[in-house]
Amino acid sequence: MHTLNKKVALVTGAGSGIGKAIAELFAHEGASVVLADIHQENIEAVAAGIKAGGGNAYCLIVDIAKESDVDLLLDYVLKTYHKLDILVNNAGIMDSFTPAGDVSTALWNQVMGINLNGPFYTCRKAINLFLQQGAGNIINISSIGGLFGGRAGAAYTASKHALIGLTKSIGYQYALKNIRCNAIAPGGVNTNIVQGMESNAFGFDRMNAGTNNNPRSAEPSEIAELALFLASEKSSFINGAVVTADGGWTAY
């Protein structure tokens, strides 16, 4: 039997990278998957690929930083599938490794809007649905940048630290309500998140000082396998946790 048979999963940022890999794996494991992303061409291609492989997928174009978009997204899931079992908050952006002294208010708000406010909006809406259902599972994709200070710029680092705090708060506060919330903290992953990004020279040099200790970068599929474990009943006693997946980089 498939691991996620008859489950309904919502994956944000599913148009590429880790989100795409998670959506495809969840669908392969029997879940009906709702894909949310701001890039229409990407998300439609992922959904088409899942359907071509016999999976159940539907995509919606969503700006996760807009509360109204998130409300419409969750309302669609409930109207279409009448439930939600798994929420994966994967959508995120980098910050060009910009140090605090150089961060503009616009950059700060943009990064926080997507990396923190968006997951908060989806979690808040999903939690109230989970309370009605009597169960639910949230997986937040954070970063080792949410555990340390030197893996990105100030805005990204702060947003991922805050996402881990939100994860722990939800995990503890709703533990007696059969709602689990965990975070994955990947290290380097071979995705397009930095594609076309012009790095801040000072911030990049400071970040780069520790990259020689990175054994290798992961493939998105490796992070997806961890997400599948956290989405399944095999991880039923894991809650409020942050699972590092960095090949041993931060063990140094």
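Check the straight Cα-Cα distances from Lys7 and name the aspartates and glutamates below 19 Å, setting aside those fewer than 8 residues away within the same chain.
Correct list for Lys7: Glu24, Glu29, Asp75, Asp85, Glu225, Glu233.
With 23 Å as the limit, write out which pairs from Lys125/Lys177; Lys51/Lys168; Lys79/Lys234; Lys51/Lys83; Lys20/Lys177 have Cα-Cα distances beyond it, or answer none. Numbers along the way, then the final one.
Details: Lys125/Lys177 15 Å; Lys51/Lys168 35 Å; Lys79/Lys234 29 Å; Lys51/Lys83 21 Å; Lys20/Lys177 30 Å.
Result: Lys51/Lys168; Lys79/Lys234; Lys20/Lys177 exceed 23 Å.
Compute the length gained on full extension between Leu131 and Asp75: take 0.36 nm times their separation in residues and subtract their Cα-Cα distance, giving the result in nm to one decimal.
18.6 nm is the gain from fully extending Leu131 to Asp75.
Can you find, among Pro99, Ser232, Ala65, the residue sitting farthest towards the positive end of the charge dipole of the chain, where Lys and Arg contribute +1 and Asp and Glu -1 at Cβ?
Ser232
Based on alpha-carbon centroids, what's the gap between the range 189-250 and the range 61-118 in Å, whole number please?
19 Å
Nothing charged except the Cβ atoms of Lys and Arg (+1) and of Asp and Glu (-1): what's the magnitude of the dipole of the chain about its Cα centre? Round to the nearest 20 debye. Could you put the intermediate results ahead of the total?
On the way: 17 positive and 20 negative charges, 157 e Å.
Result for the chain is approximately 760 debye, rounded to the nearest 20.
Hydropathy at least 0.0 by Kyte-Doolittle, axial extent at least 20 angstrom from the Cα trace: which helices of the chain, defined as entire DSSP H runs, fit?
In the chain, the long hydrophobic H runs are 67-81, 154-173.
Treating only the Cβ atoms of Lys and Arg (+1) and Asp and Glu (-1) as charged, compute the dipole magnitude of the range 47-116 about its Cα centre; round to the nearest 20 debye.
340 debye
Bear in mind that the values in this text are calculations on the coordinates, not laboratory data. These numbers were taken from a predicted model, which means no experiment stands behind them. Don't worry about glycine lacking a Cβ; one is built from the backbone with ideal geometry, like all the others, and counts go over all protein chains shown.
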